[in-house]
1. Restricted to region 36-49, and to residues that are under 19 Å from the mean Cα position of the chain (by Cα) and exposed (fewer than 15 other Cβ atoms within 10 Å of the Cβ), which residue is modelled with the highest pLDDT?
2. Could you count how many residues in region 5-26 are loosely packed, with under 14 Cβ neighbours inside 10 Å, under 18 Å from the mean Cα position of the chain (by Cα), not in a loop (DSSP other than H, G, I, E, B) and not acidic (Asp, Glu)?
3. Considering each residue of region 65-100, count those that are touching a residue at least 60 places away in the same chain (Cβ under 8 Å) and exposed (fewer than 13 other Cβ atoms within 10 Å of the Cβ), and give that number.
4. Would you call Asp39 among the charged types (D, E, K, R) and part of a loop (DSSP other than H, G, I, E, B)?
5. Six or more apart or on different chains, Cβ atoms under 7 Å: show the pairs whose first residue is in region 101-125 and closer than 24 Å to Ser83 by Cα and loosely packed, with under 14 Cβ neighbours inside 10 Å and whose second is among the polar types (S, T, N, Q) and modelled with pLDDT under 85.
6. Can you tell me how many residues in region 98-139 are assigned to a helix (DSSP H, G or I), at pLDDT below 80 and of a type in the set (D, E, K, R)?
Amino acid sequence: MPWGIALTDGLEKLHDQADLHDALVLALELFRLKILHHDDFSIKYPDAAMNVTGIECPHQTRLMLDEEKKHIRFVCRLACTASLSAPPERWQGPISRTYLAFHSMVTEFQSHLRSLVEMVTLSMCVQYDVLRADRPNIEWTQIGQKYVIT
């Protein structure tokens, strides 16, 4: 029940931005499965992108940096759920293997969710649980084209 309320509230807030509906559903599902969080995973990939400055800090400042890293980690993982576009420029900074691994996991999970939806839709059409005759063929084509993976 709380997940349905969260989904309903999120869809109401994003009613103008239909392109983020899929990202909302994906993020909620990942959060429900305890995959989307700010903690480290069991496997740590050492990389320069995670070591912000490389300068040794006093203990109290170190705690603040660790808290900031947790928030940044959560926001970056959340950004992996949405399709973001940027100008086609060559990336000059370091690449985080941790976020690449998380993005791969999210992409694979999204692919499995899509396959599930396709199989349920196919099953509904084959078993006559939906009225296919009432919709023109062009409408079914538009629905199919909307979910083509690019």
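The values are calculated or read from the model by the stated rules, or taken from the named source; none is laboratory data. Just so we're clear, the structure is a prediction, and the values are computed from it rather than from any experiment. As a convention, Cβ positions derive from the backbone with ideal geometry for all residues, glycine included, and neighbour counts pool all protein chains shown.
1. Selected residue: His37.
2. 3
3. Number satisfying all stated conditions: 1.
4. So Asp39 fits the description; yes.
5. Close Cβ pairs satisfying both conditions: none exist.
6. The total comes to 1.
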